[in-house]
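K.L.:
I have a structure here, written as structure tokens, and I will follow up with some questions on it.
The values are calculated or read from the model by the stated rules, or taken from the named source; none is laboratory data. A quick note: this is a predicted structure, and the numbers were derived from the prediction, not measured. A quick note on method: Cβ atoms are made from the backbone with ideal geometry, for glycine too, and the neighbour counts reach across all protein chains shown.
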Amino acid sequence: MKAALILCGLACAVTTALARPQANVSSQTSSAAMVETNSPYDSIILHDGTNWTLVPQGALLHVPEGMLEHIVDRPLGNMMSWKEFLDRNQAWLGAESVTLRQAEGSEAIHASRIDYLHRQARMIVAVCPDAPVVVSAPDPGDLPQTAQMR
């Protein structure tokens, strides 16, 4: 019971973005395919072999091949805060700051930045300002037209 309350409390603290449908996810896409809610069941458990933390579905910007082993179904070991977990796992885990507008999906993350993130060997989690946050895919109708789109 105590573990369930801790999980629920942590999930409520880390799920900060508005509920929105997400784009499809693969090992190289920019967001997960879920609708965000305030449930620990809608969170991803990251594990380093000893410790674990929760991040909301939709916060993973990049998961390289071979990093899926760090995503587990059940927490094992010691629960850590996001910041402490990130500090201990810099070798395979990174954070990318996004603006609130980018998290809401009203502004796209620049394509060159997404390209850079997809070339990283580390798993990348979106944060705003220092906590994991769901990043919604922008609505194409909300973005300005470019010469290529015309």
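K.L.:
For the structure I just gave you, tell me whether Gln22 is crowded, with 18+ Cβ neighbours inside 10 Å and modelled with pLDDT under 90.
P.N.:
In short, yes.
K.L.:
Identify, please: which residue in segment 84-120 is assigned to a helix (DSSP H, G or I) and polar (S, T, N, Q) and is, among those, farthest from Val135 (Cα to Cα)?
P.N.:
Among those that are assigned to a helix (DSSP H, G or I) and polar (S, T, N, Q), it is Ser112.
K.L.:
Let me ask something else about it. Filtering segment 99-125 down to residues that are crowded, with 18+ Cβ neighbours inside 10 Å and modelled with pLDDT of 95 or more, which residue is farthest from Leu61 (Cα to Cα)?
P.N.:
Checked segment 99-125; the qualifying residue farthest from Leu61 (Cα to Cα) is Met123.
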